[in-house]
Amino acid sequence: MSNKPPSAEDEPRRRMIKPPTGGNLSGRAKGHTAVKTAKTRTASSAKWLERQLNDPYVQKAKAEGWRSRAAFKLIELDERFHLLHRGAKVVDLGCAPGGWVQVAIQRGASRVVGVDLLPVDPVPGAELIEADFTDPAIGPRLMQMLGDKPNVVLSDLAHNTVGHRQTDHLKIMSLLELASDFALDNLKTGGAFAAKAFQGGETEDLLLKLKLRFEAVKHFKPKSSRADSSEIYIVATGFKG
Ligand code: SAM
């Protein structure tokens, strides 16, 4: 299967993209690109930009037309766990800027609905709303939009960290719990759930709940997930209903 996003004509707002100029996917760049505007930026903004400029997955995503480097994480998850299939109905929680939506469509999903706090440019074949998933009205709205039980629930939900360890931990947990509850309440039998978590971020209770309702529950760290990030994915397959 070619790992290319839905066709260029389908995406009128996509920018012109240059091929990558160097670097490899192990994370080592051939030539390091410095931030020319570093003096006019805050230290954290300059650091972020420098990392983006030298990240081979960012370059590869641009070259191939994916909206985010996160697209490669779902590609890896799908290659390992076979989550997506032709005709699959998919819910994508925290979908901006739309990399996972592109991957789901490109890999044969017949219908994708998604939600994010941020606006997302349209993706053909998907219906995406700008809303807060923690609003109790949003889960039912997504289900109404999908019109059927999903085969796959994806969550890449991530809040803006505040830097206070305990507060961040609680926020991560509550988004993961909400996404899990949505999957448990709505998935089609045999369906799958994949969600961003953080090492040490989930509770035994949550894992137990998933293990009782799915055939298999695994942790997976894609190669495209930054090594210095504690991000990890929980993948639950074979929903028992
Ligand atoms: N999977 C996406 C892709 O491939 O482009 C990237 C998702 S990004 C890592 C996480 C997203 O979660 C952000 O866009 C953020 O706005 C969204 N998010 C965080 N809290 C949310 C909430 N309460 N409701 C909806 N979206 C939320």
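The values are calculated or read from the model by the stated rules, or taken from the named source; none is laboratory data. For clarity, every value in this text was computed on a predicted model and none was experimentally measured. Virtual Cβ from ideal backbone geometry, glycine too; neighbours counted across all protein chains shown. The accessibility values were calculated without ligands, DNA or RNA, using every heavy atom of the protein model including side chains. Shrake-Rupley method; radii C 1.70, N 1.55, O 1.52, S 1.80 Å.
When the residues of the stretch 58-83 are filtered to those that are of a type in the set (A, V, I, L, M) and surrounded by 21 or more Cβ atoms within 10 Å (Cβ to Cβ), the one that is nearest to the ligand (Cβ to nearest atom) is Ala70.
Inspection of the stretch 141-148 identifies at least one residue that is closer than 19 Å to Ser174 by Cβ and within 12 Å of the ligand (Cβ to nearest atom).
Any idea which residue in the stretch 46-57 is modelled with the highest pLDDT, counting only those that are touching a Ser or Thr at 6+ places or on another chain (Cβ under 9 Å) and not aromatic (Phe, Trp, Tyr)? Filtering first and then ranking leaves Pro56. Take the residues in the stretch 104-132 that are more than 27 Å from Arg86 (Cβ to Cβ) and assigned to a loop (DSSP other than H, G, I, E, B); name whichever of them is farthest from the ligand (Cβ to nearest atom). The selected residue is Pro119.
Scanning the stretch 129-180 for residues that are closer than 21 Å to Gly200 by Cβ and acidic (Asp, Glu) yields a total of 3. If you go through the stretch 84-103 and pick out every residue that is open to solvent by less than 10 Å² (accessible area, probe 1.4 Å), part of a loop (DSSP other than H, G, I, E, B) and more than 8 Å from the ligand (Cβ to nearest atom), you end up with 1.
Being of a type outside the set (D, E, K, R), without any contact (Cβ under 8 Å) to a residue 24 or more places away in the chain and open to solvent by less than 20 Å² (accessible area, probe 1.4 Å) is a property that Ile234 lacks.
Note on the stretch 167-241: enclosed strands (runs of 3 or more DSSP E) holding 1 or more residues that are over 26 Å from Trp66 (Cβ atoms) and at pLDDT 95 or above are 214-220, 231-239. Taking the listed residues Thr167, Thr189, the one that is of a type in the set (Val, Ile, Thr), under 30 Å from Val58 (Cα atoms) and surrounded by fewer than 18 Cβ atoms within 10 Å (Cβ to Cβ) is Thr167, with no other qualifying.
Filtering the stretch 39-57 to residues that are in a helix (DSSP H, G or I), open to solvent by 40 Å² or more (accessible area, probe 1.4 Å) and away from the ligand (no atom under 16 Å from the Cβ) leaves Lys39, Thr40, Ala43, Ser44, Lys47, Glu50, Leu53. Name the residue that is farthest from Val103 (Cα to Cα), counting only residues in the stretch 149-162 that are open to solvent by 80 Å² or more (accessible area, probe 1.4 Å) and more than 12 Å from the ligand (Cβ to nearest atom). The qualifying residue farthest from Val103 (Cα to Cα) is Val162. Scanning the stretch 163-181 for residues being away from the ligand (no atom under 13 Å from the Cβ) and either touching a Ser or Thr at 6+ places or on another chain (Cβ under 6 Å) or farther than 17 Å from Lys209 by Cα (or both) gives a total of 7.
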